[in-house]
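Here the structure comes first, spelled out in structure tokens, and everything after it is commentary.
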Amino acid sequence: MDTQRLKDGSVLIIGAGLAGLFLALKLAPRPCVVVSPAPFGQAASSAWAQGGLAAALAPEDSAQSHAKDTIAAGAGLVDPIIAMLIAKDGPARVRDLLELGVAFDRREDGSLALSLEAAHSYARVARVAGDLAGREIMSNLIKAVQACDHITLVEGVAARALLQTETGRVGGILAMNGKPIRLEAEETVLATGGSGGLFRVTTNPVEAAGQGLGMAARAGALVADAEFIQFHPTAMDLARDPAPLATEALRGDGAHLVNQDGTPFMSAYHPLADLAPRDQVARAVASEIQAGRGAYLDCRTAIGAGFPEHFPTVFAACAAAGIDPRNDLIPVAPAAHYHMGGIVTDVWGKTTLDGLSAVGECASTGVHGANRLASNSLLEAVVFAHRVAERLRETSLSGQAGGDAPSILPLPKEARQLLRSEMTAKAGVVRDAAGLTSLIDMIQDLKAQHGSTNELITASLIAEGALARQESRGGHYRSDFPHELTPAKRSFVTLDIMR
């Protein structure tokens, strides 16, 4: 087996989305190696983000208001200290992105054009060309990292397991690049994204299937709130995998959810109607579909003729399906969109394992609670990437690297498709004990056939966490336990405890 040890003092970053690349830039001058299983930018959920980045940039807004909205959306499980931390740091991180060349939309007077999204008290979402924020941010980051001497970019390397010394310290990864390879490092950072690819209906790249969370859990890392998956209420129901996203900014600009005869329905479900929190909107959309009335996004009046210019990504997806959103309704359905749970980190991005940090969607910082506030994901990624870099940039690393790791194969395609279908059916928008128990049994059967792959470990954490949480809260809705319990409690587990 090929073994490569990073040169002394280097940081190994697994994942090349927003969190991983921003971290790499901020680490300068400390050398780092960024590895990705796919060409840079192609398998990162960050590049698909349409809404933008939330930050209190308007004169009437404040970090206190942003934190308050974050806490309210999280349904009792948000850490208020972390909510204030990202809200305070948000404007500075937007300025960092501006310096990197990200062309956030501006008004005629030159100020940033901020958009209103659901559950925000003020317009505070910075966007690029309407719905191209993720793509444009990633494009600028990739250009920047390619120009940096301290960053080494490695494509085509898929991490399978963490290397650990006899004391449990993480010392790199066991990976595949056509053949097994060991990459040994003094400090490893997981920036591997979320778990949406575990579900049949998702807005994420199908490659994002909880691999980082599975690797960390197997190594003994503490995991929090794995049961909380955010289902985006307006994925476009166009029979595509993954499902194209109809950004929430459409509703922020006045579009309405209607059933098949054009009747708006959200006011019957929530006093905030179309701008209700995502979990409420997702369940309402699911209910309308289940009742046979269908669910559609009506943008004809609110967006109208300006659709191609203001929302080019959504317009292109509609056009490919033969839909003209200037004149037609857009069919929508809920889809797995964001994993609120993940690998527990402290305020500096450090996990419970020595030598291992986590940042971005695979991490659980405590800021998202049970239901992430819209456009806080990109914000959290850059704020915590900056903090991890601050901690590691000048710190003397241990000098320890290497260790052992089990050989882990990916889940075969046919088994993965079965898992995705069952996860959507039984751990989706609406859950109950019977469905979750059946799902857990099926996952155990797949483990018996294919081993405890990273995908199956993460699926187990989600399903068993959902079964254990006998209440409904945020993105987790149990039809057999429809009410919240008091007091609100986060869930913390390790793989050994779960077993």
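Read the figures in this text as sums done on the coordinates, not as results from a lab. Nothing here was measured: the structure is a model prediction, and the numbers come from that model. Cβ placement follows ideal geometry from the backbone for every residue including glycine, while neighbour counts extend to all protein chains displayed.
Brief remarks on what is shown
- Nearest-0.05 FRET efficiency for residue 316 and residue 179, computed from C-beta distance (R0 30 Å): 0.20
- Karplus-derived 3J(HN,Hα), 6.51/-1.76/1.60, for each residue of the stretch 277-287, Hz, glycine and proline x: x, 4, 5, 5, 5, 4, 5, 5, 4, 4, 5
- The stretch 145-238: GluC sites (Glu not before Pro) falling in loop per DSSP and having at most 15 other Cβ within 10 Å: 166
- Hz values of 3J(HN,Hα) by residue in the stretch 89-95 - Karplus curve (6.51, -1.76, 1.60), Gly and Pro given as x: 7, x, x, 5, 6, 5, 4
- Kirkwood hydrodynamic radius of the stretch 233-335, from inverse mean 1/r over distinct Cα pairs, in Å: 13.3 Å
- A simple spin-label model places pseudo-atoms 7 Å from Cα toward Cβ; at residue 494 and residue 166 they are separated by 1.9 nm.
- In sequence order, calculated HN-Hα J values of the stretch 76-86 (Karplus, 6.51, -1.76, 1.60; Hz; x Gly/Pro): x, 10, 7, 7, x, 5, 6, 4, 5, 4, 6
- Under the combined filter of DSSP loop state and at most 12 neighbouring Cβ atoms within 10 Å, the stretch 103-152 retains these GluC sites (Glu not before Pro): 108.
- Entry note, the chain: the mean residue ellipticity at 222 nm calculated from DSSP H runs of n ≥ 4, each adding -39500 (n - 2.57), is -10000 deg cm²/dmol after division by the residues and rounding to the nearest 500.
- Point-to-point label distance, residue 480-residue 106, nm (Cα→Cβ direction, 7 Å offset): 5.7 nm
- Between the listed residues 421, 434, 31, the Cα displaced farthest toward the positive end of the dipole of the chain, a dipole computed from Cβ unit charges relative to the Cα centre, is found at 31.
- Per DSSP, loop GluC sites (Glu not before Pro) in the stretch 362-405 with at most 12 further Cβ within 10 Å: 394
- The simple spin-label model puts a point 7 Å past each Cα toward its Cβ; for residue 393 and residue 81 those points are separated by 2.3 nm.
- Radius of gyration, Dmax [the stretch 13-172; alpha carbons; angstrom]: 17.8, 61
- Only aspartates and glutamates eight or more places from residue 68 in sequence, or on another chain, were considered; those with a Cα closer than 19 Å are 60, 79, 89, 117, 279, 380.
- Amide H to amide H, with H built 1.01 Å from N, residue 187 comes under 5 Å of 12, counting only residues 5 or more places away or on other chains.
- Proximity of backbone amide H atoms, modeled 1.01 Å from N, is registered between residue 332 and 237, 295, 296, 297 at under 5 Å, excluding neighbours fewer than 5 places apart on the same chain.
- Isotropic mean projected area of the C-alpha convex hull, the stretch 154-288 (nm²): 11.3 nm²
- 0 to 90° range, to nearest 10: angle between helix 454-468 axis and the chain longest Cα axis: 60 degrees
- Over the stretch 15-151, relative contact order from alpha-carbon pairs under 8 Å, at least 6 apart, %: 36 percent
- Gain on full extension, evaluated as 0.36 nm per residue between residue 324 and residue 58 minus their Cα-Cα distance, stands at 92.4 nm.
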